[in-house]
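**Q** Have a look at the structure that comes next, please.
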Amino acid sequence: MKIAVLSAGSWGTAFAAVLADAAGNDVLLHARRDEIADAINNSHENPAYLPGITLPTTLCATTDPAKALAGADFMVVSIPAQSLRANLTRWAPLIEPQTVVVSLMKGIETHSGLRMSEVITEVTRMPAERVAVVSGPNLAREIAEKQPAASVIASTDETVAKTLQQACLTPYFRPYTNSDVIGCELGGAVKNVIALAVGLAGGMGLGDNATALLMTRGLAETARLGVILGADPLTFSGLAGVGDLITTCSSPLSRNRTFGENLGRGLTVDEAAAATSQTAEGVKTSAALLALARRHGVDMPITEVVVAVVDGRLTAKEAAEALMARAPKPERYGS
């Protein structure tokens, strides 16, 4: 397979390495900066995003998106969610008729409320069958270190999902297939917001009970919205649901949890962004998710207080108090 990966951030680079390690792939990674492309080609390292990790010698990089996309069977896109539309508008004329577009992104577009696969089909005008999604507990550095990991490849076309599954199957990376694109994308987007809440709690000095509370009730929020949007509720009990949620809420490598911790310690949003250095998708996705939930009449109280903290309308302490002051109710599916 000829595979183009755009672009060379931490997850894009790590997944490009997986593809290069899988048998039979010709992988070309697009980098925005010459120095990153040169480092990958000459030193087999991405010092800006994965310092100290040796990349496969077969992985090559370019700053020319046309060169990357020429003849590609798959176009793998890994950029910040809110920049997808603008970048894809520039890249769309370069996409060849046979190319399948694969989203590694976990976010919701702020002004439209669209999932990433929906943005892709809208901008490129390609059918949904030519779009796939990769989601799951995928901490980039661990995968780049070849630690065991698994993920879900979701597509409405079973052949597309199975072909991509074989293209990224390695001894350390195990992909599963799923037809539930909605559920896989929604699980990946909401878990970032819940991780912000978990980080807030941790930054305040709260313990494991609070973490468990936020994770389990966060999963309930995800399922409520997912079912309304047409997702299979069983998806949220798998890798793209609870698996991704556990990783993002628990790992110190999680950008969203780290961002939340900094807010919980009293940093402003701008200060937390500077301290985190890389994009925490949950910050902007939280408002888009809340708007989407309200449009469909879905209650998402954790998401609501995260948005209020990010907007400066609540402190972390006030957010915790607001959640604990909610009226008691029975715990059951959908509640």
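**Q** Only one of Val283, Val305, Val298 is within 25 Å of the chain's Cα centre (by Cα), under 28 Å from Ile228 (Cβ atoms) and in a loop (DSSP other than H, G, I, E, B). Can you tell me which?
**A** When all the criteria are applied, what remains is Val298.
**Q** Testing Ile53 on (1) modelled with pLDDT under 95; (2) touching a Ser or Thr at 6+ places or on another chain (Cβ under 9 Å), one condition comes back false. Which one is that?
**A** All conditions are met except number (1).
**Q** So, one more: Just to be sure I understand, how many residues within region 2-46 are of a type in the set (A, V, I, L, M, F, W, C) and more than 24 Å from the chain's Cα centre (by Cα)?
**A** Residues that pass the stated criteria total 2.
**Q** Among residues belonging to region 180-222 that are of a type in the set (A, V, I, L, M, F, W, C), over 21 Å from Val310 (Cα atoms) and surrounded by fewer than 24 Cβ atoms within 10 Å (Cβ to Cβ), point out the one that is nearest to the chain's Cα centre (by Cα).
**A** Ile182
**Q** Thr258 - would you say it is surrounded by 19 or more Cβ atoms within 10 Å (Cβ to Cβ) and over 20 Å from Ala17 (Cα atoms)?
**A** The answer is yes for Thr258.
Residues checked against (1) free of Cβ contacts under 8 Å to residues at least 12 places away in the same chain; (2) among the β-branched types (Val, Ile, Thr):
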residue: Thr222; (1), (2): no, yes
residue: Leu229; (1), (2): no, no
residue: Ser237; (1), (2): yes, no
residue: Ala240; (1), (2): no, no
residue: Leu245; (1), (2): no, no
residue: Ala274; (1), (2): yes, no
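**Q** Another one. Given the criterion assigned to a loop (DSSP other than H, G, I, E, B) and either at pLDDT below 95 or more than 22 Å from Ala81 (Cα to Cα) (or both), identify the matching residue among Thr159, Thr211, Thr170.
**A** Thr170
**Q** Can you tell me which residue in region 49-98 is nearest to Asn25 (Cα to Cα), limited to those that are in contact (Cβ under 8 Å) with a residue 40 or more places away in the chain and of a type in the set (Val, Ile, Thr)?
**A** Val76
The values are calculated or read from the model by the stated rules, or taken from the named source; none is laboratory data. Since the structure is predicted, the reported quantities are computational estimates derived from the model, not experimental observations. Methodologically, a virtual Cβ is constructed for each residue, glycine included, from the backbone with ideal geometry; neighbour enumeration extends over all protein chains shown.
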